[in-house]
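Novice: Supplied in structure tokens, the structure appears directly below.
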Amino acid sequence: MSGGVIHSLFPPATPFTAVRSCSRRRLVLPASSACWSLRSVASKSEAVTISTDQSYGNKQVITITPLLYDYILANVREPQILRELREETATMRNSQMQVSPDQAQLLAMLVQILGAKRCIEVGVYTGYSSLAVALVLPENGCLVACERDPVCLEVAKKYYERAGVMHKVDVKQGLAAVALKSMINNGESGSYDFAFVDAEKKMYQEYFELLLQLVRGGGLIVMDNVLWHGKVADPLVTDPKTVSIRNFNRTLMEDERVSISMVPIGDGMTICRKICS
Ligand SMILES: C[S@@+](CC[C@H](N)C(=O)[O-])C[C@H]1O[C@@H](n2cnc3c(N)ncnc32)[C@H](O)[C@@H]1O
């Protein structure tokens, strides 16, 4: 389906039988996966409804049911090394933090489209999204990987080594804002092509401002979790993280320094392109 289709991340009206779940990103792996077994009782046709609301232009609205998400994931080309990292991470605490394979594939494609050589990631965890990026960087490319947790960084470094990309990754262990500020102080402003932010939600505006200095005109900053499990759209939800992401999204809408596209993939990602001045 093309143009007129609106993708919705909100749960379908039909209930699911959740046998075992492992992701806040509503990641549903193919039936063969050991990690997941969410079973939808929705029929295929329930994934698509025709909106009768004219404000949507009577367009088709897709709900990503587990059945449909199985299909999407079955069409992701996930490198073997990433699959192994995902499976190892699934045995660890907080494995739901990892981006989904379809998100990682999109990040890698953005890096390739840009022809990016210099990238930054804020929030590495065990390295799934950073490895997806490092794999597609040229041999002389560089990814600055910012993460405060030394334990999960050990897993990430093991996989960078195994994938043969360690020479492309500059791991900065510690608080990401400190690392970004020191990169600015080192005269690296305007020298990066691509950045991905997937860390502390209350820091989003600060990360964004720092990255806007580090990224060149025409470069991208991709912000993860911008839909925050759908909570951003519900005015009754007022916990600090939701309010923070909601405020960030609102501010970004009016920010003329970037063009933006909010993409309903995973937990929602906004792709921001720095306007060339
Ligand atoms: C959602 S996870 C990142 C997932 C990762 N992008 C992936 O796909 O596997 C967020 C990570 O950010 C790290 N983090 C949170 N706040 C941070 C900070 N202020 N500085 C550096 N890292 C931080 C956490 O330790 C955690 O590992």
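The values are calculated or read from the model by the stated rules, or taken from the named source; none is laboratory data. None of these values were measured; they are calculated from a predicted model. FYI the Cβ positions are ideal-geometry reconstructions off the backbone, even for glycines, and counts take in every protein chain you see.
Novice: Out of everything in the stretch 122-150 that is part of a loop (DSSP other than H, G, I, E, B) and more than 9 Å from the ligand (Cβ to nearest atom), what residue ends up being surrounded by the most Cβ atoms within 10 Å (Cβ to Cβ)?
Specialist: Among residues in the stretch 122-150 that are part of a loop (DSSP other than H, G, I, E, B) and more than 9 Å from the ligand (Cβ to nearest atom), the one surrounded by the most Cβ atoms within 10 Å (Cβ to Cβ) is Leu137.
Novice: Looking only at the stretch 88-108, count how many residues are under 16 Å from Leu153 (Cα atoms) and more than 11 Å from the ligand (Cβ to nearest atom).
Specialist: Total satisfying the criteria: 3.
Novice: Give the residue, chosen from Val226, Val169, that is crowded, with 21+ Cβ neighbours inside 10 Å, in contact with a Phe, Trp or Tyr (Cβ under 9 Å, 6 or more places away or on another chain) and within 24 Å of Ser261 (Cβ to Cβ).
Specialist: Details: Val169 fails: within 24 Å of Ser261 (Cβ to Cβ).
Answer to the selection: Val226.
Novice: Still on this model: Which condition number does Lys202 fail, the rest of (1) touching a residue at least 12 places away in the same chain (Cβ under 8 Å); (2) farther than 24 Å from Ile265 by Cβ; (3) surrounded by fewer than 22 Cβ atoms within 10 Å (Cβ to Cβ); (4) within 16 Å of the ligand (Cβ to nearest atom) being met?
Specialist: Of everything listed in (1) touching a residue at least 12 places away in the same chain (Cβ under 8 Å); (2) farther than 24 Å from Ile265 by Cβ; (3) surrounded by fewer than 22 Cβ atoms within 10 Å (Cβ to Cβ); (4) within 16 Å of the ligand (Cβ to nearest atom), Lys202 misses just condition (2).
Novice: Still on this structure, please answer the following. Among the residues of the stretch 151-184, write down those that are in a helix (DSSP H, G or I), farther than 21 Å from Lys117 by Cα and near the ligand (Cβ under 10 Å from one of its atoms).
Specialist: Result: Val151, Cys152, Leu153, Val155, Ala177, Val178.
Novice: Being of a type in the set (Asp, Glu) and more than 14 Å from the ligand (Cβ to nearest atom): is that true of Glu209 here?
Specialist: On the way: of a type in the set (Asp, Glu): yes; more than 14 Å from the ligand (Cβ to nearest atom): yes.
So Glu209 passes the test.
Novice: Further question on the same structure: Going through Gln98, Gln103 one at a time, which residue ends up being surrounded by 15 or more Cβ atoms within 10 Å (Cβ to Cβ), modelled with pLDDT of 95 or more, in contact with a strand residue (DSSP E or B) (Cβ under 8 Å, 6 or more places away or on another chain) and of a type outside the set (A, V, I, L, M)?
Specialist: Only one candidate qualifies: Gln103.
Novice: So, in the stretch 219-269, how many residues would count as being closer than 28 Å to Gln112 by Cα, of a type in the set (Val, Ile, Thr) and over 17 Å from the mean Cα position of the chain (by Cα)?
Specialist: Of the residues in the stretch 219-269, 1 are closer than 28 Å to Gln112 by Cα, of a type in the set (Val, Ile, Thr) and over 17 Å from the mean Cα position of the chain (by Cα).
Novice: Right, next: The conditions are (1) within 13 Å of the ligand (Cβ to nearest atom); (2) in a helix (DSSP H, G or I), and Phe196 fails exactly one of them. Which is it?
Specialist: (2)
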